[in-house]
Amino acid sequence: MKIAWFTPFYPESAIGQVSKLVCEELQKSTEVHVFASEQNETIPSSVQVIKFSPLTFDTRQLARYDHVVYNMGNYARNHKDIWEVMQRHPGILLLHDQIMQNFFHQITMMPEFGGSPITGEDEYLNIMR
């Protein structure tokens with residue numbers, strides 16, 4: 001079996017630290033590749049880390065995997081790159097926050113995450129519906 005595991009994977013990320021533990025354990029019985037945003041340094045790990053940018057990432061390569069896992073949380077700085085790939089390729093979604101509305105608010109209405117304070121509210125409401 002082969003797993004693609006998308007996660008924030010930088011040293012200060014709690015979900016990155018959890019992902020390291022999970023992926024290193026999974027690696028004992030299956031092939032696991034961690035996909036991490038190219039904009040951050042990564043956690044040292046025995047699991048192969050593949051850096052990606054959603055702007056240039058070719059999702060066709062994910063067809064080589066039996067499972068694609070997306071770790072999502074409610075902070076756009078950590079999860080927007082994962083979200084953008086997830087919109088183009090199906091997979092297993094792991095939510096590590098109970099409420100995602102902050103993430104959707106950030107990506108639709110906050111300029112630093114690509115949102116627009118002028119037009120973002122309509123997009124936010126559509127996502128929330």
For the range 90-104, in residue order, the Karplus 3J(HN,Hα) values (coefficients 6.51, -1.76, 1.60; θ = phi - 60°; whole Hz; Gly and Pro = x) are x, x, 8, 9, 10, 8, 10, 10, 6, 10, 9, 4, 4, 4, 5
Residues with amide H under 5 Å of Ala36's amide H, sequence separation 5 or more or different chain, H placed in the peptide plane at 1.01 Å from N; which? Ile50, Lys51, Phe52
Contact order relative to length of the chain, as percent, for alpha carbon pairs under 8 angstrom and 6 or more apart: 21
Decide, for the range 14-90, between rounded, prolate and oblate: order the square roots of the alpha carbon gyration tensor eigenvalues as a ≥ b ≥ c, take rounded if a/c falls under 1.5, and otherwise choose prolate if a/b is larger than b/c, else oblate. oblate
Where the accessible area of the chain is counted over protein heavy atoms with a 1.4 Å probe, how much of it, in %, is carbon and sulfur? 52
Relative to the longest principal Cα axis of the chain, at what angle does helix 14-26 sit, 0 to 90 degrees, rounded to 10? 30
Around Val32, what is the net charge, scoring Lys/Arg as +1 and Asp/Glu as -1 over all other residues with Cβ under 9 Å from its Cβ? -1
Roll a 1.4 Å probe over the protein chains and send me the accessible area per residue for the chain in Å². 57
222 nm mean residue ellipticity, helices alone, for the chain (DSSP H n ≥ 4; -39,500 (n - 2.57); rounded to 500): -9500 deg cm²/dmol
Per-residue ³J(HN,Hα) for the range 63-73, Karplus 6.51 cos²θ - 1.76 cosθ + 1.60, θ = phi - 60°, Hz, x for Gly and Pro: 5, 6, 9, 6, 9, 10, 10, 10, 8, 10, x
Per DSSP, the loop-located GluC sites (Glu not before Pro) within the range 1-59 having at most 12 other beta carbons within 10 Å are Glu12, Glu41
Check Val69: other-chain or 5+ apart residues with amide H under 5 Å from its amide H, H built from backbone geometry? Ala4, Trp5, Phe6, Ile92
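The values are calculated or read from the model by the stated rules, or taken from the named source; none is laboratory data. From a predicted model like this one, the values you see are computed outputs, not experimental measurements. Virtual Cβ from ideal backbone geometry, glycine too; neighbours counted across all protein chains shown. Note: accessible area is taken over every heavy atom of the protein model, side chains too, but ligands, DNA and RNA are not part of it. Shrake-Rupley method; radii C 1.70, N 1.55, O 1.52, S 1.80 Å.
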